[in-house]
Structures are given as structure tokens and as C-alpha cells.
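Student: My questions will all concern the structure given below.
The values are calculated or read from the model by the stated rules, or taken from the named source; none is laboratory data. Here the structure is a predicted model, which means the values were calculated and not measured. Cβ sites come from the backbone with ideal geometry, for glycine too, and all protein chains shown count toward neighbours. Only protein heavy atoms, including side chains, enter the accessible area calculation; ligands, DNA and RNA are left aside. Shrake-Rupley method; radii C 1.70, N 1.55, O 1.52, S 1.80 Å.
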Amino acid sequence: MALKIKAREKKMKFSQDGPEVYRYVMVPDLYSTLDQDKVIKEAAIRSGVSEGVMQACWKGAGEVIKAWATEGHSVALPGLGNMRFGLSAKAVADVNDVKSSLIRTRRIVFTPTVALKEELANTSIQITCYDRNGDVVKRVTSDDPGTVEEPEQGDDNGTGGNTGGGPSMEG
């Protein structure tokens, strides 16, 4: 199996005064979203339990994950990693200035297992290049080392942080 990438030639402008130039822009060639019923059916086959039992387990696990994560826990997702909620917020120097309006966004943070990162690193990447007319002009298969980006870690023991991974100096 391989991850499929499209590299499309697009006209781009890098500065307000600069000229427009063509560049190949890579984006994942995403497959369709798998329907929950299809996932449950496949999980039932792989685990040897009935679809009804799997449906009940799926729904129950989803409710438990949602409840625990919204209470502040980092919740294990079997074979995948851990999920928790986090946030991006402005930092202030004075405790009297701390208020909820400093929070810019709430987000979901996923930290994959070592095994999942290894699987991704070992998955080849196939790139199909399209010119500005939509014609295929080249195909490439990866030979890179398969480096996997580490997820951003907050500065508050896993309960949040800001977009840059370190403290925000806005204030």
C-alpha cells in the first residue's frame, strides 16, 4: 500500500508586488470517508463478534472517550495512540489579566503510538504530477527516509499549549 499525492502545477504569487509564477503544489489524494457502518462491519469480521455487538461497543467506546476527554484525560485509542483536548491561548504577565477570553481556539490533540508512526514511515509515497492543463507529466515513488513529524506538545503537562508548541508571548 502507498499514500497517493497529487502535485498540480498552479500559478502562485509569493508577494504582493512579485510576479505570478507556476509551482508544483503537493496535496494528499484523499480517498472517500469510510462510512461508520462499513468500519463496524469490517471490525466485526476481524474480531469475530456480531455486527450488533460491535455497534454497541463502538457507540459505548465513543461515549466513554468523549466523556473522559472532556474531563481532561488523555484517552488511549487502541492501536493508534492517545487523544486529548488542548487549546491555544495568549500569555499574560499579570495573574489579574487571566480570563477565558485569552483562549483563541480549542483543539483535539492526537499522539500516535510508536508502531503507528513506524507504519507511516515505512509506507511508500506515490506522487503523480499534473501540469497546468491537467495532463500527467511525471510519476514518482518515494525513496525518502520516511520521517514522521512529532505532534505538538503543550507547555502544561499535556492539557493544552499553543499552536507553536511553546508559550505564546502575545499579551
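Student: Starting from the Kirkwood Rh over alpha-carbon pairs, what translational D in µm² s⁻¹ does the range 54-101 have by Stokes-Einstein at 10 °C and 1.306 mPa s? It would help to have the intermediate numbers written out before the result.
Tutor: Working: Rh = 13.3 Å.
The diffusion coefficient I find is 120 µm²/s.
Student: Now, a different point. Can you compute the FRET efficiency between residue 116 and residue 45 using 1/(1 + (r/R0)^6), with r the Cβ-Cβ distance and R0 = 30 Å? Round to the nearest 0.05.
Tutor: Working: r = 22 Å, r/R0 = 0.72.
After rounding to 0.05, the efficiency reads 0.90.
Student: Using only alpha-carbon positions, what ratio does the radius of gyration of the chain give when scaled by 2.2 N^0.38 Å?
Tutor: After normalising by residue count via 2.2 N^0.38 Å, the value is 1.40.
Student: Using a simple spin-label model with points 7 Å from Cα along the Cα→Cβ vector, what separation in nm is obtained for residue 135 and residue 102?
Tutor: 5.8 nm
Student: Another question about this same structure. Taking the solvent-accessible surface of protein heavy atoms with a 1.4 Å probe, what is the per residue accessible area of the chain in Å²?
Tutor: On the way: 12840 Å² over 171 residues.
About 75 Å² of surface per residue is accessible.
Student: Across the chain, how many lysine pairs, 8 or more apart or on two chains, come within less than 25 Å at their alpha-carbon atoms?
Tutor: 15
Student: Follow-up. Quote the charge dipole size of the range 64-104 about the Cα centre in Debye, to the nearest 20; the model charges only the Cβ of Lys and Arg (+1) and of Asp and Glu (-1). Spell out each step's value before the answer.
Tutor: Working: 5 positive and 3 negative charges, 31 e Å.
Once rounded to the nearest 20, the dipole reads 140 debye.
Student: A follow-up question, please. Short version: ³J(HN,Hα) in whole Hz for each residue of the range 65-70, in order, from phi by Karplus 6.51 cos²θ - 1.76 cosθ + 1.60 (θ = phi - 60°), x for Gly and Pro, what are they?
Tutor: Residue by residue, the range 65-70 yields 4, 4, 5, 5, 5, 6 Hz.
Student: Between residue 66 and residue 3, take the C-beta separation as r, use R0 = 30 Å, and let me know the FRET efficiency to the nearest 0.05.
Tutor: Working: r = 29 Å, r/R0 = 0.97.
The pair residue 66/residue 3 has a calculated efficiency of 0.55.
Student: Express the carbon and sulfur contribution to the solvent-accessible surface of the chain as a percent, rounded to the nearest whole number, probe 1.4 angstrom. Each step should come with its number before you reach the end.
Tutor: Details: 7010 of 12840 Å².
Result for the chain: 55 percent of the exposed heavy-atom area is carbon or sulfur.
Student: Now for a separate question. Relative contact order for the range 58-106: what percent, with Cα pairs under 8 Å and sequence separation of 6 or more? Intermediate values should be presented prior to the final figure.
Tutor: On the way: 40 pairs, mean separation 12.4, N = 49.
Once divided by the residue count of the range 58-106, the mean separation gives 25 percent.
Student: Moving on to the next point. Placing unit charges on C-beta atoms (Lys and Arg positive, Asp and Glu negative, everything else neutral), compute the dipole magnitude of the chain about its Cα centre in debye, rounded to 20.
Tutor: About 520 debye.
Student: Tell me which residues come under 5 Å, amide H to amide H, from residue 130 once H is placed; ignore anything under 5 positions away on its chain.
Tutor: Under 5 Å from the amide H of residue 130: 7, 8, 9, 137.
Student: Work from the charge dipole of the range 45-132 (Cβ charges, +1 for Lys and Arg, -1 for Asp and Glu, about the Cα centre) and give the residue of 100, 60, 113 farthest towards its positive end.
Tutor: 100
Student: Mean separation of Cα pairs under 8 Å and 6+ residues apart, divided by the residue count of the chain: what relative contact order is that in percent? Don't skip to the end; give the middle numbers.
Tutor: Numbers: 250 pairs, mean separation 40.3, N = 171.
Computed over the chain, the figure is 24 percent.
Student: Radius of gyration and Dmax for the range 11-98's Cα atoms, expressed in Å?
Tutor: Rg then Dmax for the range 11-98, in Å: 22.5, 63.
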